[in-house]
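This report concerns only the one structure given below.
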Amino acid sequence: MQISNEILKEADVLLASFLTGMILLFVYDLLRIMRRLISHKSWVTGVEDLLFWALSAVALFAMLYRENSGYIRGFAIGGVCLGMLIYNLALSAWVVKGSVFFLEKILFLTSRPLVWTARLLKKPMGRLKKMLKKVLRFFKKQLKKIWKAVRMGICKL
C-alpha cells in the first residue's frame, strides 16, 4: 500500500502549519517575557500586539505561499491553531515563568556591584553635598554683601 504524493504534500503542509503556530506563539511568549521584565503602558502593549499580529499574518501567508502555492486551506489554518493550542498548554507557562525567573536572577546578580558601589559612595557623597551647601551659602552671603555695597554706592551718586 502506497501513499499518494498529494497526501504526503498535504501532510507536509499540515506539519509546516503546526510548527508555524508553535513558533508564532513562542515569539509572542518572548513579548510576554519582555513585558514582565519591563513595565509597559497599555497603549504600548496595544501597538506591540498590533505589530505582532500583522507580522504573524505575513509569516502565515509566507508559509502558505511556500508550502501550498498560496492556497488557503482549512486544515492549514487548523494546523496553525492546533500548534498554538498545544504549545500554549504544554510549554508556554514553563517558557515564560522560567525565562523571567532566570533573567531576573541574572539582572539581580549583575546589578549587585552597582548597588554595593552606591552604598559605599553614599556617605562620602552626603558629606560632599553638605560641604558644597556650606560653600554655596558662604558665596551667597558674600554676594549679598557686595550687592548691598554696590547699591549703597549707586544711591550716593
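The values are calculated or read from the model by the stated rules, or taken from the named source; none is laboratory data. Because the structure is a prediction, the values reported are computed rather than measured. Cβ coordinates were reconstructed from backbone atoms using ideal geometry, including for glycine residues, and neighbour counts include every protein chain displayed.
Listed values, structure above:
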| item | result |
| --- | --- |
| Residue match in the range 62-81 (condition: at pLDDT 80 or above, over 24 Å from the mean Cα position of the chain (by Cα) and farther than 21 Å from Gly21 by Cβ) | no |
| Residue count for the range 72-93, restricted to those that are among the aliphatic types (A, V, I, L, M) and in contact with a Phe, Trp or Tyr (Cβ under 7 Å, 6 or more places away or on another chain) | 1 |
| Count of the range 2-55 residues which are free of Cβ contacts under 8 Å to residues at least 12 places away in the same chain and in contact with a Ser or Thr (Cβ under 6 Å, 6 or more places away or on another chain) | 0 |
| Cβ-Cβ under 9 Å pairs, at least 6 apart or on other chains, the range 104-132 side assigned to a helix (DSSP H, G or I), far side of a type in the set (Val, Ile, Thr) | none |
| Subset of the range 1-59 [within 24 Å of Trp94 (Cβ to Cβ) and not in a helix (DSSP H, G or I)] | Ile38, Ser39, His40 |
